[in-house]
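Novice: First, the structure itself, so that you have it in front of you.
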Amino acid sequence: MLWRRRQDPEISPEVIDAVMRRNVGIAARLAPDDRERLRLLTAELVSTKSWEGVSGLSITDEMKVTIAANAAIPILAHDTWPYRQVKAIIVRPSSTTSNSRRSGPAAGTYTNETVDIVGEAVPNFGPVALSWDTVVYESRHPHHGNNVVIHEFAHKIDMNDGYADGVPPLRGAFLDGWREVLNDEFERTEARESDAVLRPYAFSSPAEFFAVSSEVFFCRPAELNEAKPVLYAALRELYAQDPARWRPASVG
Ligand SMILES: [Zn+2]
C-alpha cells in the first residue's frame, strides 16, 4: 500500500529570504552563492524534518526557517547527511528548568545541574529540542558568540557515529588531525582555567568543546582565528568553510 505523509505547503523562497534577513544574522555575511546554498539546505530541512511546538507554542514558518537556516550553516559545504538521524525538532516558547541527570558524558544538555535548559540534542534518532526565545535572540546577534541551534546540531553531527566524543564523522575530514587538535586545545586551555573566546562550559567534556567551539567558529570567526589559530584552522578543515573570510558582521 502506498502511504504518503501529509505534505505541508512548501515555504516560498521569498518567505525564506525574508525570515533570513530578519532573524539570521550570519546569513547576511555570506557571499551570494553561499546564501543561495543556505536557502536550499534550509528549505530541505524544513520539509524533511518533523516540527513540533510544545508547552502551548504553535510552530510557525518563521520558527522553522530560523532554526533550519542556523542548522544549515555548519553543513554549507556538505549536504544534509550529517543530520540524517535528526527526525524531529521540538520547539518550546522559552527555557525550562530541569534538574534531571542524564547518563553518559554530554548527553546533550547544557549541564546536569539544575539549570535553564535552552537546548538539547538527544542521541541516536532522538530529537533536537530548542527554546524559541533563545534561538531567535542569539540568531539575530551572532557577534555575542552563542548559538544554541549550531550547538545542538553540532552535537547531532558528533553523535552520527554513535559517540558524543567531540570527533564528528564528517565526510572527507581528516579526523586524526582533528582528534589531536581537540585533545591538545581542550587540555591546554582547560589547564589555564580561563579563556577569552570559549566560554567555560566548553571545558566540561570534549563533546561540549566541539559544540561550543563550533558556535564561536561560525559566530565570531575572526576572534577565534586570532585567539586560537590552530583550533580555527582545524575547524576550517572539518567544516570545509572559512568564516573569517566572510563579510564583517554588522553589530546590532
Ligand atoms: Zn552541549
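Novice: Mind giving me the nanometre distance, one decimal, between the label points for Asp33 and Arg21, set 7 Å out from Cα along Cα→Cβ?
Specialist: 2.4
Novice: Could you tell me which of Pro248, Ala233, Asn146 has its Cα farthest along the dipole of the stretch 130-252 towards the positive end, charges placed at Cβ (Lys, Arg +1; Asp, Glu -1), taken about the Cα centre?
Specialist: Checked the options; the winner is Pro248.
Novice: Right, here's the next one. Between His143 and Glu62, how many nm apart are label points set 7 Å from Cα along the C-beta direction?
Specialist: Each label point lies 7 Å from its Cα, and together they span 2.4 nm.
Novice: Under a plain spin-label model, where a point goes 7 Å from the Cα along Cα-to-Cβ, how far apart in nm are Ser12 and Arg84?
Specialist: Reported label-point gap for Ser12 and Arg84 is 3.5 nm.
Novice: Please compute the contact order of the stretch 195-252 in relative form: average sequence separation of alpha-carbon pairs under 8 Å and at least six residues apart, divided by the residue count, as a percent.
Specialist: Numbers: 38 pairs, mean separation 14.6, N = 58.
Relative contact order, the stretch 195-252: 25 percent.
Novice: So, by mean Cβ neighbours within 10 angstrom, what's the order for 86-93, 54-61 with the highest one leading? Present the calculation step by step, with values, prior to reporting the outcome.
Specialist: Working: 86-93: 19.1, 54-61: 12.8.
Sorting 86-93, 54-61 by mean packing, highest first, produces 86-93, 54-61.
Novice: Please report the spacing between the Cα centers of the stretch 211-244 and the stretch 65-88 in Å, no decimals.
Specialist: 18
Novice: Continuing with the same structure: Using a 10 Å cut-off on Cβ atoms, rank the peptides 153-165, 33-45, 137-149 from the highest mean neighbour count down.
Specialist: Values: 153-165: 22.1, 33-45: 18.0, 137-149: 20.5.
The packing order, highest mean first, is 153-165, 137-149, 33-45.
Bear in mind these aren't lab numbers, they're just calculated from the coordinates by the rules spelled out. No experiment lies behind these values; they were computed from the predicted model shown. Cβ: placed from backbone, ideal geometry, glycine included. Neighbour counts: every protein chain shown.
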